[in-house]
Every structure is written in C-alpha cells, then in structure tokens.
1. Based on Cβ point charges of +1 for Lys and Arg and -1 for Asp and Glu, what charge dipole magnitude is obtained for the range 135-187 about its Cα centre, in debye rounded to the nearest 20?
2. Just to confirm the filter: which trypsin sites (Lys or Arg not before Pro) across the range 43-117 are DSSP coil and have at most 11 other Cβ within 10 angstrom of their Cβ?
3. Asn22 versus Ala38, label points 7 Å from Cα toward the beta carbon: distance in nm?
4. I'd like the carbon and sulfur percentage of the solvent accessible area for the range 53-187, probe radius 1.4 Å, heavy atoms only, ligands and nucleic acids excluded.
5. Lys79's amide H: which non-local residues (gap 5+, or another chain) put their own amide H closer than 5 Å, with H modeled 1.01 Å from N in plane and none for Pro or chain starts?
6. In sequence order, what are the phi-derived ³J(HN,Hα) couplings for the range 156-165 according to the Karplus relation 6.51 cos²θ - 1.76 cosθ + 1.60 with θ = phi - 60°, rounded to whole Hz, with x for glycine and proline?
7. What number, rounded to the nearest 500 deg cm²/dmol, is the helix-based mean residue ellipticity at 222 nm of the chain, given -39500 (n - 2.57) per DSSP H run of at least four residues and division by all its residues?
8. So who's got an amide H within less than 5 Å of the one on His91, skipping anything under 5 residues away but keeping other chains? H placed 1.01 Å off N, in plane.
Amino acid sequence: MSVGASRPGEELHVVDGALPTNARKEQFSLAFVQMVAAAAGCSIKRHDTDYDGVDITVVSSAEHEKFYCPEFEFELQLKCTSRHELLTETHLAWPVEAEPFRKLTHPKRYNEAYLGVLLLPDGPDPWLELSEAGLATRNRLYWERAANLGTLPEDRGSRTVHLPRSDLFGVEGLLGIMRTIGEGGGW
C-alpha cells in the first residue's frame, strides 16, 4: 500500500485504498479462507450473492474411504469482527439474524454448511505483516457446523451461537471436514 518515491531521498507515503471497513473485513475473511484452502489443496467457489445463507463453497477432489467424486464440498457463511469481547474462555459468541440463521441451518440443505467468524486484532494492530521471514497474521477463524448451531423459535429475530475455540479453521481442520464428508459422515 505504499507509493514508491520517484527520486532518491523522496519520502514515501502510505495510500489508503478507501475501501469501507466492513468491505475490507469481507474481503480479508474471503482471502483468509482462500489461503487456508490453497494450503490444504482445496479450492473455493465464490457466490455472486449470499441469498442462500452462504458466501463460498469449499471444494476438494480427493479420494476417500467411501467416496470418490470430482468434488466434495461444503458451504461456508463468513463473518468478520474485531470485537474481542465476544471471545470467552471456551467459545466465540456470535449473534446471527433470524433469516440467515434459518437458511444456514435449514434441515433440507443439500450440502453441508458451516458458519465461520474471523477474529481480527483489536485497535490499530495490522491485520497482516510482511517481512523477510514471511507473511504473518494474528487473525483466527472459528467455525462450527450449521447443524450444531441449534434452532431458532419463530418469534425470535436472532440467536447468539457459540463457535468453540477448539475449532480453528486451518489446514488440519479443513481436511478433517473433507475427510468426514468423503467417508459419508456429516449429513
């Protein structure tokens, strides 16, 4: 995000692309999942809209014990926050509005669905840092299977769900989800 100096000794200045904060968070959470998926050997299908309660589909083409298929996949609804007060000793408490909650947890969903919330550093800490040692981020994405999020009574406008701190979205966790789907479990 720096603009290079045109002459030696000229001062560099940082340019802010002016993307609104919520849009930055959305883009960053998508990029985070893309990075983890690529490291796991999986790919991402992006949806133009999330009217069905999901933002992306994560895809694997690996052969598993029970199934071989061109694509094992699950759908993921992504959220992003820097609200560390939502993080407890055991879980991240995330409020979900009724309509997206009902779509995500609908019992007739064809594909397995998950909710993931990326927790960003609070305050002025950078979301990522680049050095000779590599690219580093202090962010983490907590996830939970939609079928485990519970139900929402018809008269309620939202529900706070609990995403376990033990469920960090990383390469091993992602491959575990794919293994469960590929072995016929999870639905």
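1. Using only the charged Cβ atoms, the result is roughly 240 debye.
2. Those satisfying the criteria are Lys66, Lys108.
3. 2.8 nm
4. Using a 1.4 Å probe with all protein chains present, the range 53-187 comes out at 51 percent carbon and sulfur.
5. For Lys79, the qualifying residues are Gly116, Val117, Leu118.
6. 9, x, 6, 8, 9, 9, 10, 9, x, 5
7. Result for the chain: -6500 deg cm²/dmol, rounded to the nearest 500.
8. Arg165
The values are calculated or read from the model by the stated rules, or taken from the named source; none is laboratory data. Computed from a predicted model, the values in this text were never measured in an experiment. Cβ: placed from backbone, ideal geometry, glycine included. Neighbour counts: every protein chain shown. Note: areas computed on protein heavy atoms with side chains; ligands, DNA, RNA excluded. Shrake-Rupley method; radii C 1.70, N 1.55, O 1.52, S 1.80 Å.
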